[in-house]
1. May I ask you to say which residue of A:136, A:106, A:101, A:130 is out of contact with any Lys or Arg (no Cβ under 9 Å at 6 or more places or on another chain) and touching a residue at least 12 places away in the same chain (Cβ under 8 Å)?
2. Name the pairs whose Cβ atoms lie under 6 Å apart, with the first residue in segment A:207-222 and at positive phi and more than 7 Å from every other protein chain (Cβ to nearest Cβ), the second assigned to a strand (DSSP E or B) and of a type in the set (Lys, Arg), and 6 or more positions between them or separate chains?
3. One residue is enough: does segment B:154-166 have a residue meeting the conditions in contact with a Phe, Trp or Tyr (Cβ under 7 Å, 6 or more places away or on another chain), farther than 30 Å from residue B:117 by Cα and outside any strand (DSSP E or B)?
4. In segment A:263-289, what residues are surrounded by fewer than 17 Cβ atoms within 10 Å (Cβ to Cβ), in contact (Cβ under 8 Å) with a residue 60 or more places away in the chain and not in a helix (DSSP H, G or I)?
5. Please go through segment A:229-246 and give me each residue that is at the interface with another protein chain (Cβ under 10 Å from one of its Cβ atoms) and farther than 28 Å from residue A:263 by Cβ, ordered by number.
6. How about segment B:34-52: which of its residues are assigned to a loop (DSSP other than H, G, I, E, B) and either hydrophobic (A, V, I, L, M, F, W, C) or modelled with pLDDT under 95 (or both)?
7. When you scan segment A:330-354, how many residues do you find that are out of contact with any Leu (no Cβ under 7 Å at 6 or more places or on another chain) and either within 11 Å of chain B (Cβ to nearest Cβ) or free of Cβ contacts under 8 Å to residues at least 12 places away in the same chain (or both)?
8. Answer with yes or no whether residue A:169 is assigned by TED's automatic domain parsing to the domain that holds residue A:333 and either in contact with a Lys or Arg (Cβ under 7 Å, 6 or more places away or on another chain) or not acidic (Asp, Glu) (or both).
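The values are calculated or read from the model by the stated rules, or taken from the named source; none is laboratory data. Computed from a predicted model, the values in this text were never measured in an experiment. Reconstructed Cβ throughout: ideal geometry from the backbone, glycine too, with neighbour counts over all protein chains shown.
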2 protein chains.
Amino acid sequence: MTPRGFPVEEFRTRTARAQDAMAKAGLDALLLTTEPELRYFTGFLTRFWESPTRPWFLILPRTGDPVAVIPAIGAALMRTTWIADIRTWRSPDYEDDGVSLLAGALCDLVAERGAIGVPSGAETHLRMPLADWEVLKRRTGGRVFRDDAGVMRRLRMVKSGAEIEKIRESCAIANRAFARVPEIARQGVSLAQVFRDFQRLCLEEGADWVPYVAGGAAPGGYPDVISPATERPLAPGDVLMLDTGLVRDGYFCDFDRNYSVGPAAPELIRAHDRLIAATLAGFDRARPGATAAEVFAAMDHVLTGGSGGSDAGRFGHGLGMQLTEPPSLIPADPTVLEPGMVLTLEPGVELGPDRWLVNEEDIVIGEGGAEWLSDPVRRLAELPL
Amino acid sequence: MTPRGFPVEEFRTRTARAQDAMAKAGLDALLLTTEPELRYFTGFLTRFWESPTRPWFLILPRTGDPVAVIPAIGAALMRTTWIADIRTWRSPDYEDDGVSLLAGALCDLVAERGAIGVPSGAETHLRMPLADWEVLKRRTGGRVFRDDAGVMRRLRMVKSGAEIEKIRESCAIANRAFARVPEIARQGVSLAQVFRDFQRLCLEEGADWVPYVAGGAAPGGYPDVISPATERPLAPGDVLMLDTGLVRDGYFCDFDRNYSVGPAAPELIRAHDRLIAATLAGFDRARPGATAAEVFAAMDHVLTGGSGGSDAGRFGHGLGMQLTEPPSLIPADPTVLEPGMVLTLEPGVELGPDRWLVNEEDIVIGEGGAEWLSDPVRRLAELPL
């Protein structure tokens, strides 16, 4: 197991890179409010974000170290990070839940007429009450809030070596858990029980926690890939799919496996083989200089001859501190792949009405091409009856 | 086990209650964007919200049924709910990620000059990109967005009988898991291993998933209650605390347990006894007509004689579809308790610098007073050496 956390140098490098990008974008500070954004610069790792009650803020000025403006309940943990300037208030405070403290900090750190970047584009949100946001804008007189110009998106898309090792480890844990699925899944066991047992396997193999498990089981394909488990027992002819985003030390894996309950029908084997071929085509195309759209097209060519995919999903996405991150493997994504990007390849086919089959693997882009992080599947697994 | 989901009547009642409150508040629709808000009216339950990529919307008009405006990937699951009007788009769409579809639906459902409520106060956020929010406001010409006037907060604070049964079941699962902690926690086992094993126990006892585990272990008290586990092995004299928010069928429990590793020092036993006395005082005060502030004061009186608590936390909070919900047991919360409210009682004391002790139980308010949902602790547990 790799050691937990990162050396301080990692955070200093991230900060310096962000500040370079901010200078180019004409931003005097970034205001960040979400879990991965705060953790990216501080190393502040806690499951306490599960509670929606309190807002948390980080200010990254154009020069100097980040400043944390957080509820007092987080002070002890934040003091264990490299962050020195930690400003706290007693939250929840119904009159002023950190807004004055935050406005004051922004006025300290950003000159009048300065520009404060807030991630505002695709896949972002502002994690604070909308009413407080309006007050904050009024209370920072003269300073301007605007989009972060994609600074955070571009920065986080390319992972450091240390980040890649953490994702590799999460993938290795899931590889081992998937290898043990025959221990828990057989005819007659409910899908809900399989989900519970699969999470147990993930924990036994070293996951810190299991934020995401999805899947399905139905004859010859599943209706979708996001539904919760039902109490229906597995039956011969079912395709069971399990998809996990487990976490170790704050980094996700995200890949799935399909299992035929008993011998698979030839039609199903052929469809699965086509998915594997599509995955391999995506893998081959996923090299530095290729675009996300081209990786999509390589997979889509195998599956449909190039029809452009379906409405239901995409053929993969970024992966790291979150289960899904930019870019998206869709026709409209022009992101140019670079070494250090971590992606999922996730082609799917609809074999009939409400009969989906989806294969997913995780890869990292290297100088010479892609490398597998998950152990790639080559043929459809069968669970003995 | 109670059956999964709710009868349609439950959602119709919630909708009618919301519409009554909207009429009183002068709102012509609600626009909702977060997981619990969508699920509250639809029953749409999925772990897919772990992916931050796609926005999801629900419109609750002043009359008529809710309208879902969601990514196509969610259509199959949404069709299994009672919602009939489901409008989808192919997401992610970098040009227009549902904004035009949503604006059109709002213009269909709300007359010009109509008022659209968006939850904007404490403990809320808007789960969509800020840039899209600005576009939406421009594209719904003449309609006004404003705070929901607390409609959602008041509605969700009082649970139905069916909701209470689900929370009761989650609590029962956690009760059983906590009873098995001596199987997994002993001198020499790392806290990280205890966390993993405890999650396994929660799953074995019937949790669907375990969104939240926190805790600590240190001599005579822990530094805080939100830090992740370390690899440090448990040692004699440690106090181990485990706090879980596990979920069954979409509803949380949230309570903790303390364990002395080996015989507890008399000072620690006295402190724990005081926490239990505070919890019982809170339980006795938690009756219909009392305020959240009064329940806080009853506990604080036992612990400090009435000093008003610490900066670090509160003495409890609401509980339900989320780990923490309104109200807060703090001096400033005037919420009047009503039958059907589910609360945690969570008094804490700081025994010295970075030495905390926190006890937490779950209760439901009934006509005649509070009822325990967790099996209340009466004395500090000791793990044999």
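1. A:136
2. From residues that are at positive phi and more than 7 Å from every other protein chain (Cβ to nearest Cβ), the pairs are A:220/A:355; A:221/A:355.
3. Going residue by residue through segment B:154-166, those that are in contact with a Phe, Trp or Tyr (Cβ under 7 Å, 6 or more places away or on another chain) are B:156, B:162-163, B:166.
Subset that is farther than 30 Å from residue B:117 by Cα: none.
So far as segment B:154-166 goes, no, none of its residues is in contact with a Phe, Trp or Tyr (Cβ under 7 Å, 6 or more places away or on another chain), farther than 30 Å from residue B:117 by Cα and outside any strand (DSSP E or B).
4. Within segment A:263-289, A:263, A:288 meet the criteria.
5. Residue satisfying the conditions is A:245 alone.
6. The first filter runs over segment B:34-52 and keeps only residues assigned to a loop (DSSP other than H, G, I, E, B), leaving B:34, B:43-46, B:51-52.
Hits for segment B:34-52 are B:44, B:45.
7. Result for segment A:330-354: 9.
8. Working: assigned by TED's automatic domain parsing to the domain that holds residue A:333: yes; either in contact with a Lys or Arg (Cβ under 7 Å, 6 or more places away or on another chain) or not acidic (Asp, Glu) (or both): yes.
For residue A:169, the condition - assigned by TED's automatic domain parsing to the domain that holds residue A:333 and either in contact with a Lys or Arg (Cβ under 7 Å, 6 or more places away or on another chain) or not acidic (Asp, Glu) (or both) - is met.
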